[in-house]
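Q: Mind looking over this structure? Questions follow.
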Amino acid sequence: MGASTQLRAGLSSRRRFVGLAGALASALGSSRALGSTPNATTADAGEDYYDKLGVAKIINAAGSYTTLTAACMPPEVLAAVHKAALHPVRLRDLQTKAGEYVAGRLRCEGAVITSGASGAISLATAACLQSANKISPLSMPQAIDPSRDADIKNQVIVQRAHRYGYDHAMFLSGARVTEVVTLDDYKRACAAGHAVMTNFFNAAEDEVGLAGSAQIGREEWLRVAHDHGIPCHLDAAADMPPISNLWKYTGMGFDLVSFSGGKGMRGPQNAGLLLGRKHLTDLAAENNNPGDGVGRGMKVAKEQIVGMVAAVDWVLSHTEESMQGDSQRRVDLIAERLQGLPSVRTETVLPKIANHVPHLLVRFDPAVTGVTTPEVVAALRNGKPSIELNPNTGQPPNQGIPSDANTLVVGVWMLQPGEDAIVAQRLRTALTKKA
Ligand SMILES: *Cc1c(COP(=O)(O)O)cnc(C)c1O
């Protein structure tokens, strides 16, 4: 090894040591004393694996979509994750204490940190199957097979308009769906005695009374099921903000409520919450990893458990106004910078239940701008950095967003600081007809 090679090796190992020291300092919480954010310190310490793998980093002007890796964790949450990563603990001890802490902060009897809202729905179903049939998690594979035992209860009652892809999360435990439309259907299904649970898709209530939509609202849904002793699960995965939803639905009587951890709550994407009655969340916990129940494959590592708890603290450190204020400012900034473009009009919409944050609609006339919606979407996606607009762009009205073929939808709540200005400038360029 020549002298200069040695020097380089020495330098790079020193750099590695400094990097490691920085990571440790950050993880141990001294990053503030060092005058840098935990985010920056830890980011500096490691290699950029997105670059190494050739994966494009995007600007997320869409929203908390799973396929876009949902939220980025705030620095406080990230710091808690890094600290947790440094020490092994007893997993069950961590799960129990984390559940108790979250239940206390979110004003419910019991809580389980799950692998996400979908995992929470599976554990909720397993808990209700167990409770209704008085079986243990290990006997579930036999116990839920109605071909072997005609008396087994395995039905989840759902309104037809509330059927969705997440039904699979219930089927996983061997449950099947009894579909109802009218209140009479529902009363009959409850009285039949086969139901272990009901499932209510929270955001679907937005449309109660509209043609083809659900006929039964939350209060009535709860009353009828509870008259028959059937526990009610509510899927509120994407329904925070408002912050108060974290206790509103358990407070109104839902026995179990699921939230996604990586959407509005800005926790790890593979984390979520199951909140509710203690005897049911205890059964859900029995089915969770590391037991042999249905949740064995829904592992939540110590980093995600701690990250989820820290995300709850982060959410509760806000007021409703501070939670929404940033989004409105970004909407206003982008709208202002699009002013004066021929035919372009902007407006703010606030979806009522899911994704309840200000979104910007940009309406335009392609005959005037000379560009179409798909062309704008492609220009933003193919440019650098790549920008993803909200998938309601160019679509008919959906989930409280009144879009159409000539409307761009900008979801601003997942933008990182400073990205609003970039999105505005790129939109302005894309909407300006090239000479
Ligand atoms: C996102 C979502 C889920 C799944 O949440 P994960 O945390 O990704 O598992 C379930 N239900 C609804 C309504 C959702 O929006």
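Q: May I ask you to compute the full-extension gain from Ala56 to Arg223, defined as 0.36 nm times their residue separation minus their alpha-carbon distance, rounded to one decimal in nm?
A: 55.1 nm
Q: Can you list the lysines whose alpha carbon sits under 29 Å from that of Lys248, skipping same-chain ones fewer than 8 residues off?
A: Reachable lysines: Lys97, Lys187, Lys263, Lys278, Lys299, Lys302, Lys352.
Q: Can you give the longest run of the chain that contains no trypsin sites (Lys or Arg not before Pro) sitting in a DSSP loop with at most 15 other Cβ atoms inside 10 Å?
A: Longest stretch, sites excluded: 164-295.
Q: Sticking with this structure for a sec: Compute the accessible area per residue over the range 281-368, keeping the other protein chains in place, probe 1.4 Å, unit Å².
A: With all protein chains present, the range 281-368 gives 44 Å² per residue.
Q: Further question: Does the chain classify as rounded, prolate or oblate by the C-alpha gyration tensor (a ≥ b ≥ c root eigenvalues; a/c under 1.5 gives rounded; else a/b over b/c gives prolate, otherwise oblate)?
A: Verdict is oblate for the chain.
Q: Report, in debye and to the nearest 20, how large the dipole of the range 174-248 comes out about its Cα centre when Lys and Arg carry +1 and Asp and Glu carry -1 on their Cβ.
A: Dipole size: approximately 260 debye.
Q: Sticking with this structure for a sec: How big is the dipole moment of the chain about its Cα centre under a simple scheme where the beta carbon of each Lys and Arg is +1, that of each Asp and Glu is -1, and everything else is neutral? Debye, nearest 20, please.
A: Here the chain has a charge dipole of around 1300 debye.
Q: Between Ser317 and Glu109, what is the FRET efficiency for a Förster distance of 30 Å, r being their Cβ-Cβ separation, to the nearest 0.05?
A: The formula returns an efficiency of 0.80 here.
Q: When you count, for each residue, the other Cβ atoms within 10 Å and take the mean per peptide, how do 279-287, 307-315 rank with the highest first?
A: Packing order, densest peptide first, comes out as 307-315, 279-287.
Q: Please identify, among Gly119, Gly370, Gly63, the residue showing maximal mean-square fluctuation in a Gaussian network model of the chain using a 10 angstrom Cα cutoff.
A: Gly370
Q: Highest GNM mean-square fluctuation, the chain, Cα pairs closer than 10 Å: which of Asp365, Asp93, Asp255?
A: Asp93
Q: Dipole of the chain (Lys/Arg Cβ +1, Asp/Glu Cβ -1, origin at the Cα centre): which of Ala126, Leu94, Tyr166 lies farthest to the positive side?
A: The listed residue farthest towards the positive side: Leu94.
Q: Test of understanding: in a Gaussian network model of the chain with alpha carbons linked when under 10 Å, which of Ala225, Ala238, Ala126 would top the mean-square fluctuation ranking?
A: So, out of Ala225, Ala238, Ala126, the one fluctuating most is Ala225.
Q: Under a Cβ-only charge scheme (Lys and Arg +1, Asp and Glu -1), can you give me the dipole magnitude of the range 196-332 about the Cα centre, in debye to the nearest 20?
A: It works out to roughly 400 debye.
Q: For a quick check: with amide H placed at 1.01 Å from N, whose amide H comes under 5 Å from Ala62's, ignoring anything fewer than 5 positions away on the same chain?
A: Gly411
The values are calculated or read from the model by the stated rules, or taken from the named source; none is laboratory data. This structure is a prediction, so every number in the text was calculated from the model and none was measured. Here the Cβ is made from the backbone with ideal geometry for all residues, glycine too, and neighbour counts use every protein chain on show. Please note that ligands, DNA and RNA were not included when accessible areas were found on the heavy atoms of the full protein model with its side chains. Shrake-Rupley method; radii C 1.70, N 1.55, O 1.52, S 1.80 Å.
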